[in-house]
Amino acid sequence: MSQEKRATVRDVAARAGVSPGTVSKALNGTGQISEATRERIRQAAEEIDFRPNALARSVFERRSYTVGMITTDSFERFSVPVMLGAEDALGAGRISVFLCDSRGDPIRERHYVDVLLGRRVDGFIVTGRNFNRRPPLAGTRDVPVVYALTPSADDTDCSVVVDDAASGRLVAEHLLRIGRTKIAHVTGPERFDPARSRHAGLTSALADAGLELTGMAMYGGWTEAWGRQATHILFRENPDIDAIHYGSDLLARGGADALRELGRRIPEDVAITGTDNWELIAEGARPPLTSVDLRLADVGRVAAQRLLDAIEGRPHAGLEQVPCQLVVRASTDETAG
């Protein structure tokens, strides 16, 4: 059975009543062709389902069907899930993503912007491992930019971020629901905006229940070592703690080691929760760790959708927060397995 013949430039020319050369000029963006003729060629191409190759298609439609993603996340712990989510949203339109790691260097970042502009990308997604506000991406001309995880300092830009305050509130509500009332908090550096937002959500939910955080919020590093050290400090001053919320799964793993050293059982004596839902750590913990899933892929997916809107002339502005989700495991629920 023979395959249906694919439409050619000559077919488009015959349909539009022009020469094949005129169709080629329209595809290549060259020559003196009126907009009416160009539109007639577009309609003819659509009517016979003419599909030019990728290069001709990009010129014909004045789009490259590529997007540049610039990240500062050298470890790719955060940027890869964002990129996968973005590709899910962009894939339906057959749009490719160029990933460039600026390593937090403004000169390198500007170089990548210039390189990607040279490739005629349709837009940029900017992300990173530092969720603090960042300067707007420089030198992008009139090409749309959307920020994912790492919001722009310019409130008129479109930024898609995690709802960090809600993550703290989710944890507090869960711990209160299982009967915990002496709740402590160990997290990363205080200069880190999400660390403060998560703390605010946690303490706000406790206040709604007429409770306060037990002990001081323990701000420090993002390491297991700090998780162990902070947990020991907390228990020296507050031996009746019955739950601890950690600002990352790594901190929680260090905290779990400290609790075992202190002879506390998890979750019978102390329930613990983490943040990130890094499955390699959360599911491999002893016992498996209840953790807040920041839904990074959803952040990437929404950012890509907002970028597609901007590319099509419908730009968004301001900060958009993506909901997170609490994944309950045995560190707070003995029946979770």
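Give the residues of segment 311-332 that are of a type in the set (Gly, Ala, Ser), more than 21 Å from LEU176 (Cβ to Cβ) and modelled with pLDDT of 95 or more, sorted by residue number.
Initially, segment 311-332 is screened for residues of a type in the set (Gly, Ala, Ser), giving 313, 317-318, 330-331.
Retained after the next criterion (residues that are more than 21 Å from LEU176 (Cβ to Cβ)): 313, 317-318.
ALA317, GLY318 - these are the residues of segment 311-332 that are of a type in the set (Gly, Ala, Ser), more than 21 Å from LEU176 (Cβ to Cβ) and modelled with pLDDT of 95 or more.
Exactly one condition in (1) more than 30 Å from ILE125 (Cβ to Cβ); (2) assigned to a helix (DSSP H, G or I); (3) touching a residue at least 60 places away in the same chain (Cβ under 8 Å) is false for LEU234; which is it?
The failed condition is (3).
So which residues in segment 261-294 are under 18 Å from ALA195 (Cβ atoms), in a loop (DSSP other than H, G, I, E, B) and among the charged types (D, E, K, R), if there are any at all?
ASP276
Among (1) touching a strand residue (DSSP E or B) at 6+ places or on another chain (Cβ under 9 Å); (2) open to solvent by less than 30 Å² (accessible area, probe 1.4 Å); (3) under 20 Å from GLY247 (Cα atoms), where does VAL121 come up short?
Failed condition: (3).
Condition first: crowded, with 18+ Cβ neighbours inside 10 Å and not aliphatic (A, V, I, L, M). Now tell me which residues in segment 79-99 satisfy that.
SER79, PRO81, GLY85, GLU87, listed by residue number.
All but one of (1) more than 30 Å from GLY179 (Cα to Cα); (2) touching a helix residue (DSSP H, G or I) at 6+ places or on another chain (Cβ under 6 Å); (3) at pLDDT below 95 hold for TRP278; state the number of the condition that does not hold.
The single condition TRP278 does not satisfy is (1).
(1) touching a residue at least 12 places away in the same chain (Cβ under 8 Å); (2) closer than 30 Å to VAL270 by Cα; (3) in a loop (DSSP other than H, G, I, E, B): which one isn't true of VAL121, the others all being true?
It fails just one condition, (2).
Suppose we filter ALA258, ALA225 for residues that are within 24 Å of ILE178 (Cα to Cα) and either part of a helix (DSSP H, G or I) or out of contact with any Gly (no Cβ under 9 Å at 6 or more places or on another chain) (or both); which single one remains?
It is ALA258.
Looking only at segment 310-327, which residues are on the phi < 0 side of the Ramachandran plot, surrounded by fewer than 16 Cβ atoms within 10 Å (Cβ to Cβ) and not in a strand (DSSP E or B)?
Those that are on the phi < 0 side of the Ramachandran plot, surrounded by fewer than 16 Cβ atoms within 10 Å (Cβ to Cβ) and not in a strand (DSSP E or B): GLU312, ARG314, ALA317, PRO323.
Which residue, of ALA92, ALA36, ALA54, is of a type in the set (A, V, I, L, M), over 30 Å from ASP276 (Cα atoms) and at pLDDT below 80?
Working: ALA92 fails: over 30 Å from ASP276 (Cα atoms); ALA36 fails: at pLDDT below 80.
The match here is ALA54.
Taking the criterion of being open to solvent by less than 20 Å² (accessible area, probe 1.4 Å), on the phi < 0 side of the Ramachandran plot and touching an Asp or Glu at 6+ places or on another chain (Cβ under 6 Å), would at least one residue in segment 170-178 satisfy it?
So in segment 170-178, the residues open to solvent by less than 20 Å² (accessible area, probe 1.4 Å) come out as 171-172, 174-175.
Keeping just the survivors that are on the phi < 0 side of the Ramachandran plot gives 171-172, 174-175.
Right, trim to touching an Asp or Glu at 6+ places or on another chain (Cβ under 6 Å) and you get none.
No: segment 170-178 contains no residue that is open to solvent by less than 20 Å² (accessible area, probe 1.4 Å), on the phi < 0 side of the Ramachandran plot and touching an Asp or Glu at 6+ places or on another chain (Cβ under 6 Å).
What number of residues within segment 237-247 are part of a loop (DSSP other than H, G, I, E, B) and open to solvent by 10 Å² or more (accessible area, probe 1.4 Å)?
The initial filter retains those residues of segment 237-247 that are part of a loop (DSSP other than H, G, I, E, B), namely 238-242, 247.
Still in the running and open to solvent by 10 Å² or more (accessible area, probe 1.4 Å): 238-240, 242.
Looking only at that region, the number is 4.
The values are calculated or read from the model by the stated rules, or taken from the named source; none is laboratory data. Given the structure is predicted, the values throughout are model-derived calculations rather than measurements. Methodologically, a virtual Cβ is constructed for each residue, glycine included, from the backbone with ideal geometry; neighbour enumeration extends over all protein chains shown. The accessibility values were calculated without ligands, DNA or RNA, using every heavy atom of the protein model including side chains. Shrake-Rupley method; radii C 1.70, N 1.55, O 1.52, S 1.80 Å.
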